[in-house]
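Everything below concerns the one structure shown next.
The values are calculated or read from the model by the stated rules, or taken from the named source; none is laboratory data. Treat the numbers as computed from the prediction; the structure is a model and nothing was measured. So basically every Cβ, Gly included, is an ideal-geometry build from the backbone, and we count neighbours across all protein chains shown. The protein model used for the area step is the full one, side chains on, heavy atoms only, and it has no ligands, DNA or RNA in it. Shrake-Rupley method; radii C 1.70, N 1.55, O 1.52, S 1.80 Å.
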Amino acid sequence: NFYVREEQYEKAEEYLTRFPDRDPEKKRKQAQICARTGRWDEAYKAYEELLFSGYQRMSIVLNGIYQLAVEEQDTEKARLVVGIQRQLAQLLEMGKYYELMWELEPAMSGRDADAAVDIAEQILDNIPTIGSYMESCLYEHMGFRRLGEEFYGDLKEKLLNSFRDEEACGWLLGNERWQSLIAEHSD
């Protein structure tokens with residue numbers, strides 16, 4: 001901070017190497033130095049990486065809170081967390097798939113067949129949006145590896161296999177809409 005205030009950016013970057021690589025503060029401070037020295041693309045990329053990893057971290061934490069709420073049978077809190085997950089995915093432009101994926105488990109555990117079928121269908125239909133964050137201007141300086149058709153096909157097959165799982169979805173096996181959904185999306 002001292003060297004940044006004194007506009008001795010090379011020295012500031014030298015001291016920044018002493019931060020652990022996984023420390024988000026290192027990346028944030030690097031972005032600040034890049035911005036002050038006119039390296040805009042590097043600054044954007046660092047901030048975008050922080051935002052993207054921040055989404056992942058928050059999503060994992062929210063999932064942990066959701067699991068605790070479910071174990072304590074606090075359905076109100078569980079619903080609240082699912083709503084926050086959806087809003088977070090929407091706010092950070094992660095794509096429709098990520099907005100929807102958190103809603104399936106509560107429908108399944110609540111044995112709400114209509115909701116489970118509706119959500120599962122929307123998830124299957126939105127598999128191609130799983131990488132839509134790559135098109136967001138929030139992450140335009142990041143270099144993502146593009147997802148291919150094989151990835152989408154594999155994901156669809158994994159989802160369908162999980163929908164066929166008797167332990168998780170056995171209660172739906174007699175549901176006509178559920179069976180139709182699985183048949184419709186099977187190759």
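Accessible surface of the chain, 1.4 Å probe: 49 percent of it comes from carbon and sulfur atoms. Based on alpha carbons, the Rg and Dmax found for the range 1-49 are 10.1, 27 Å.
Among the trypsin sites (Lys or Arg not before Pro) in the range 83-187, those located in a DSSP loop and surrounded by at most 14 other Cβ atoms within 10 Å of their own Cβ are Arg111, Arg145, Arg146.
With +1 on the Cβ of every Lys and Arg and -1 on the Cβ of every Asp and Glu, and nothing else charged, how large is the dipole of the range 38-183 about its Cα centre, in debye rounded to the nearest 20? Show your work: numbers first, answer last.
Values: 14 positive and 27 negative charges, 60 e Å.
The calculation lands at about 280 debye.
If you keep only loop residues by DSSP, which chymotrypsin sites (Phe, Trp or Tyr not before Pro) in the range 132-187 have at most 12 other Cβ atoms within 10 Å of their Cβ? It would help to have the intermediate numbers written out before the result.
Details: sites: Tyr133, Tyr139, Phe144, Phe151, Tyr152, Phe163, Trp171, Trp178; in loops: Phe144.
Answer by residue number: Phe144.
Accessible surface area normalised per residue over the range 28-94 is 63 Å², counting heavy atoms of protein chains with a 1.4 Å rolling probe. The spacing between the range 142-187 and the range 1-39, judged by their C-alpha centroids, is 46 Å. Largest to smallest in accessible area, the residues Ser53, Ser109 fall in the order Ser109, Ser53 (1.4 Å probe, all protein chains included).
With a simple spin-label model that places each label point 7 Å from the Cα along the Cα-to-Cβ direction, the separation between Tyr3 and Glu166 comes to 6.5 nm.
Once you keep just the Cα pairs under 8 angstrom separated by 6 or more residues, what percentage relative contact order results for the range 102-187? Intermediate values should be presented prior to the final figure.
Values: 43 pairs, mean separation 24.8, N = 86.
It comes to 29 percent, rounded to a whole number.
The GluC sites (Glu not before Pro) of the range 1-65 that DSSP puts in a loop, and whose beta carbon has at most 10 other beta carbons within 10 Å, are Glu6, Glu7.
GNM on the chain, alpha-carbon springs under 10 angstrom: the most fluctuating residue among Asp125, Asp21, Asp41 is Asp21. Counting only residues at least eight positions apart within a chain, or on another chain, the aspartates and glutamates with an alpha carbon under 13 Å from that of Lys158 are Glu150, Asp187.
Where [x] 31, 16, 13; [y] 42, 19, 12; [z] 25, 20, 17 are the candidate values, the label of the one calculated here for semi-axes √(5λ) of the Cα gyration tensor in Å is [y]. Within a straight-line Cα-Cα reach of under 18 Å, Lys156 can be paired with the following lysines, leaving aside sequence neighbours fewer than 8 residues apart in one chain: Lys96.
Using Cα-Cα distances under 8 Å and only pairs 6 or more residues apart, what relative contact order does the chain have, in percent?
On the way: 156 pairs, mean separation 27.4, N = 187.
The value is 15 percent.
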